[in-house]
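To start, the structure itself, in structure tokens.
Nothing in this text is a laboratory measurement; each read-out follows from the coordinates by a stated rule. None of these values were measured; they are calculated from a predicted model. Note: ideal-geometry Cβ built from the backbone for every residue, glycine included; neighbour counts use all protein chains shown.
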Amino acid sequence: MDELLRTAAERAISYRASLADRHVAPLPDAVDRLDALGGPLPDGPDDPAAVIAKLDELGSPATIASGGGRYFGFVTGTSLPVTLAASWLAGAWDQNGALVACSPIAARLEEIALPWLIDLLALPAGSGGGFVTGATMANFTGLAAARHAVLAQVGWDVEAAGLFGAPPVTVIVGEEVHVSLLKALTLLGFGRERVVRVPVDGQGRMRADALPPLAGPTVVCIQAGNVNTGAFDPATEICAAAHAAGAWVHVDGAFGLWAAAAPGRAHLAAGIGDADSWSTDAHKWLNVPYDSGIVVVRDPQQLRAAMAPAAAAYLALTDTREPSHFTPEISRRARGVEVWAALRALGRSGVADLVERTCCYAKRFAEGLQTAGFQVLNEVVLNQLLVSFGDAETTRRVIAAVQADGTCWCGGTVWQGQTAMRISVSSAATTEADVDQSLAAILRVARGVAQPVGR
């Protein structure tokens, strides 16, 4: 086993070292070669070293180089070296993060890291939380606590009685609500079609003055960081109106919540701490490996009431915090390990620098594109920018050509009726040189697409 693990580590190190020189999107022939990983299930065992070699030799060339510095799609971070190393160690530990009895180290690291996060993100001290797979499940978990709380206010125990015959719950979202939140609402039985949508302004922010009258069990969902523009809903006004009516406010803060950790951006998150629950991704701006989301709830008992499993005699419970009482899963990996490692290694100033630096890179992109005569559609206040290269068809062609060029990877979107390239900067691996190299490639490609051959 020792030799196998050393070989795997060497291959992983070699892969990470190659990222700077690779096409960000895999070449078509590399993707075609993935068919060699298939075929019938083998009748018998294979050499483990040969299995790892095949996985590396066929799999690595077909990956998206999102761990490098020139990937700007889907608000994706890399994994910091310390978090990758911590993930390897956690994999070797092979701990079940469900209970203290299953893994004292996993439970203790969650107990340590959660207050650090709450402090860093300027959320209310004493809040509870859980470590889940990503922002979708964090939204699900926070909204489950909301469902419990608003129905308990009218005497309904939703965990015991379900939603059949329950008093109706009004769910209010902004017109530009993220699909992950709608998915969570669907899974919770609220439905994505029966939500009340509130108009937004020119940057995608929910208009507080357009909130409908609030009465009865109500959950208001706001955004910390619009997925297209990075804009924040006006939390102070919305929370005040919602709480005056006894409503619960949930914040979808998949990436934007991290703005609170950077003094130069914290003003964007003003009032966010007045809400009742929050969701975020650690595998976005904190740059830990995937499968790492966090939910925080102001009243830990509301979260525990929604998530704790029914009693079972064989579950050895303690008087301390049991991780599975705050998450949908029972058995799960010890995903707090990487979060603890990132926070311990970066500290408060390191997280602030990461956020501020990547926001400045987004601004650098915007200035370069505007100087070249292309239209940046949003106010670049965070790490997100949208750029149009003319009409919708031309913009789509530029996006496809940039992705095929391989220097960098940027996605596309349609925002408030306009087709745009979306550039998201959130990777700790990105440098000023990466931005300049990517910007030059985008401009070269865009000029080629806009200028027909022979003109």
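Sorted largest first, the spans of the alpha carbon positions of the stretch 170-295 along the three principal axes are 40, 32, 26 Å.
For the chain, hydrophobic long helices are taken as DSSP H runs at least 15 Å long by C-alpha position along their axis with mean Kyte-Doolittle hydropathy of 1.0 or more; these are 81-93.
Bridges between two residues of the chain, per DSSP, are antiparallel at a rate of about 60%. Using C-alpha pairs below 8 Å separated by at least 6 residues, the relative contact order for the chain is 22 percent.
Rounded to the nearest 20 debye, the dipole magnitude of the chain is 740 debye, with +1 charges on Lys and Arg beta carbons, -1 on Asp and Glu beta carbons, and the Cα centre as origin.
Quick check: the distance between the Cα centres of the stretch 372-443 and the stretch 345-370, to the nearest angstrom? Each part's Cα centre sits 16 Å from the other's. Taking Cβ atoms as reference points and 11 Å as the exclusive limit, the residues near Asn287 contribute a net charge of -1, counting Lys and Arg as +1 and Asp and Glu as -1.
A viscosity of 0.890 mPa s and a temperature of 25 °C, combined with the Kirkwood radius over C-alpha pairs in the Stokes-Einstein formula, give the chain a diffusion coefficient of 105 µm²/s. Among 146-152, 298-304, sorting by the average number of other beta carbon atoms lying within 10 angstrom of each residue, highest first, gives 146-152, 298-304.
The packing ranking of peptides 325-338, 184-197, highest mean first, is 325-338, 184-197, where packing means the average number of other beta carbon atoms within 10 angstrom of each residue. Counting neighbouring beta carbons within 10 Å and listing from fewest to most, the residues Phe72, Phe232, Phe374 come out as Phe374, Phe232, Phe72. Counting only Cβ charges, +1 for Lys and Arg and -1 for Asp and Glu, the dipole size of the stretch 219-311 around its Cα centre is about 140 debye. Helical content alone sets the calculated 222 nm signal of the chain at -12500 deg cm²/dmol, taking -39,500 (n - 2.57) per DSSP H segment of four or more residues and averaging over every residue. If one computes the Cα centroid of the stretch 222-269 and of the stretch 119-140, what distance in Å separates the two points? Each part's Cα centre sits 14 Å from the other's.
By the gyration tensor of its Cα atoms, with a ≥ b ≥ c the square roots of the eigenvalues, what is the shape of the stretch 2-68: rounded for a/c under 1.5, prolate for a/b over b/c, or oblate? Note, shape of the stretch 2-68 comes out oblate. In this simple spin-label approximation, Ala372 and Ala161 carry label points 7 Å from Cα along the Cα→Cβ vector, and these lie 6.1 nm apart. Note on Asn96 and Glu3: their simple-model spin labels are 3.4 nm apart, each label 7 Å out from Cα toward Cβ. Each residue, Gln153 and Ser60, gets one label point 7 Å from its Cα in the Cβ direction; the gap between the two is 5.5 nm. Summing Lys and Arg as +1 and Asp and Glu as -1 over all other residues whose Cβ lies under 11 Å from the Cβ of Val75 gives a net charge of +1. Across the options Val219, Leu114, Gly129, the greatest Cα extent toward the positive end of the charge dipole of the stretch 92-242 (unit charges at beta carbon of Lys, Arg, Asp, Glu) belongs to Val219. Specify whether the C-alpha gyration tensor of the stretch 294-423 places it in the rounded, prolate or oblate class, a ≥ b ≥ c being the square roots of the eigenvalues: rounded for a/c under 1.5, otherwise prolate if a/b is larger than b/c and oblate if not. It comes out prolate by the Cα gyration axes. Rounded if a/c is under 1.5, else prolate if a/b is larger than b/c, else oblate: which is the stretch 85-342, with a ≥ b ≥ c the root eigenvalues of its Cα gyration tensor? The shape class here is oblate.
Which FRET efficiency, nearest 0.05, do Arg33 and Leu89 yield, Cβ-Cβ r, R0 30 Å? Taking R0 as 30 Å, the efficiency between Arg33 and Leu89 is 0.40.
Taken over the C-alpha atoms, the stretch 107-179 has Rg and Dmax values of 15.2, 41 angstrom.
Using 1/(1 + (r/R0)^6) with R0 = 35 angstrom and r between the beta carbons of Val82 and Lys183, what's the FRET efficiency to the nearest 0.05? Rounded to the nearest 0.05, the efficiency is 0.65. Here the gap between Thr394 and Ala125, fully extended at 0.36 nm per residue and compared with their Cα-Cα distance, gives a gain of 91.9 nm.
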